[in-house]
1. Given the Cα-Cα distance of GLU377 and VAL192 and 0.36 nm per residue of separation, how much length would full extension add, in nm?
2. Measuring with a 1.4 Å probe in the full set of protein chains, what accessible area per residue, in whole Å², belongs to the chain?
3. Given Cβ point charges of +1 (Lys, Arg) and -1 (Asp, Glu) and nothing else, what value in debye, to the nearest 20, does the dipole of the stretch 126-199 about its Cα centre take?
4. Dipole of the stretch 64-103, Cα-centred, from +1 at each Lys and Arg C-beta and -1 at each Asp and Glu C-beta, to the nearest 20 debye?
5. Using the Cα centre of the stretch 1-103 as origin and beta-carbon charges of +1 (Lys, Arg) and -1 (Asp, Glu), tell me which of ILE97, GLY60, ILE25 is placed farthest towards the positive end of the dipole.
6. Report, to two decimal places, the Cα Rg of the chain normalised by 2.2 N^0.38 Å (N = number of residues).
7. Quick one: net charge around TYR357, please, counting Lys, Arg +1 and Asp, Glu -1 for every other residue with C-beta under 9 Å from its C-beta.
8. For the ranges 327-339, 251-263, what's the packing order if you count other beta-carbon atoms within 10 Å of each residue, average per peptide, and put the highest first?
Amino acid sequence: MTVKERYEESKKLFAAMGVDAYKAIERLSKVPISVHCWQGDDVKGFDREGPLTGGIQTTGNYPGKAGTPIELMADMDKAMSLCPGKKKINLHASYAIFENGEHVDRDKLEPKHFKVWVDYAVKRHLGIDFNPTFFSHPMCKDGLTLTSPDEEVRKFWINHGKACIRIAEYFARETGVPCVMNIWIGDGYKDVPADRLGPRIRYKESIEEILKQPYDKALVKVTVESKVFGIGVESYTAGSGEFALSFAAFHEGCLPLMDNGHYHPTEVVSDKIPALLTFFDEIALHITRGVRWDSDHVVILDDETKEIAKEIVRCNALERVHIALDFFDASINRVAAWAVGMRSVEKALLMALLTPYERLKKLQDENRMTELMISLETVKMLPFGDIWDEYCEINGAVKDADLYGAIDKYEKDVLMKRG
Ligand code: RNT
Ligand code: ZN
């Protein structure tokens, strides 16, 4: 049977349950997934040499990593071409591209330092999301940025934040797509701190200073990302869950960003999505896969990824949840990492869109819980793969069975030829 024939057959099965598979595909093609540039070079960036700091770490030394903007863009093109669906790109400030021998520090960044990225995005009809880079820099004095007791340090990073808002607004204007600008800092302490309040008050006031930069709230959506702990800051992080959530709740136009690697291992972001959607018009996500800790493994089609997608879809919130990827595995082919992560999120969303939630909700509301359990188990065995293959085919993306071959070819033709 061809892909089309399998699709037509399976479509009938979904139709029998009241789900229109074609509509699901159509809906999914309009959901943007923000593709993080930093998977391509192990979060190194272009603005300076030096180690990755801020409590995050990449492990592995797989050959072929992108070392220049041209290489990174080529790899992102390759990865995106392997995936069906609508994309945005997600940049960090450390990926500024300096031309003609110019170099400025992070507090002095300007839109022009991202013009090459804008040209890249516009040509491909992609929106851009943005992140100030509060790590891997000598001004992270004692590992601190916006919470630093040193006013000079805080000022530097506040100015960086303001510069990033101006750049985010430039992205939105040039691409015609609103820009999500995410604030995450790794500030914290390795061992038991004597003051847990002071750093948080300084963090709050620093973000408030950054937000004094005038900007159009319809164009730039500022998010604050929380974290439970980082490498080297195991005892305390200033930007905890309660901090980020409260900050967003108390500041007009600010949204909370949940990274599902940033909670205690038995907490799940999927359940937090409807809780936050009860109060916030919009929220943002970093989808990752934490293995025992915030290890930033490549997203696969595991239970929690499916559950996150289900919540977004059944809360009817595809337009209210900004979905971005955030992982960095340096131990495998990096283009494959991107492609598998992106495809897994697309698959999870497709499965969610192919599920008859109206019926299932009704069972819950009528307390028909036995029937609900059996229905949920029945849904799990539906032929999602046939619809997925069709979705890939009509979008010109490879099928799962052909993904490795495509990666292997790019590795031999391009990645292994890099110096
Ligand atoms: C770190 C956060 C943050 C980073 C990126 C590079 O734990 O998840 O989002 O991964 O900003
Ligand atoms: Zn993140």
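The values are calculated or read from the model by the stated rules, or taken from the named source; none is laboratory data. Everything quoted here is computed from the prediction, not taken from an experiment. Backbone-built Cβ (ideal geometry, glycine too); neighbour counts: all protein chains shown. Surface areas here come from the heavy atoms of the whole protein model, side chains and all, with no ligands, DNA or RNA. Shrake-Rupley method; radii C 1.70, N 1.55, O 1.52, S 1.80 Å.
1. Answer, rounded to one decimal: 62.0 nm.
2. 45 Å²
3. Charge dipole of the stretch 126-199: 140 debye, to the nearest 20.
4. Here the stretch 64-103 has a charge dipole of around 340 debye.
5. Farthest towards the positive end: ILE25.
6. On the way: Rg = 21.6 Å, N = 419, 2.2 N^0.38 = 21.8 Å.
The reported ratio for this selection is 0.99.
7. Working: positive: LYS310, ARG314, ARG359, LYS361; negative: GLU358.
Value of the local net charge: +3.
8. Working: 327-339: 22.2, 251-263: 20.4.
With the highest mean Cβ count within 10 Å placed first, the list reads 327-339, 251-263.
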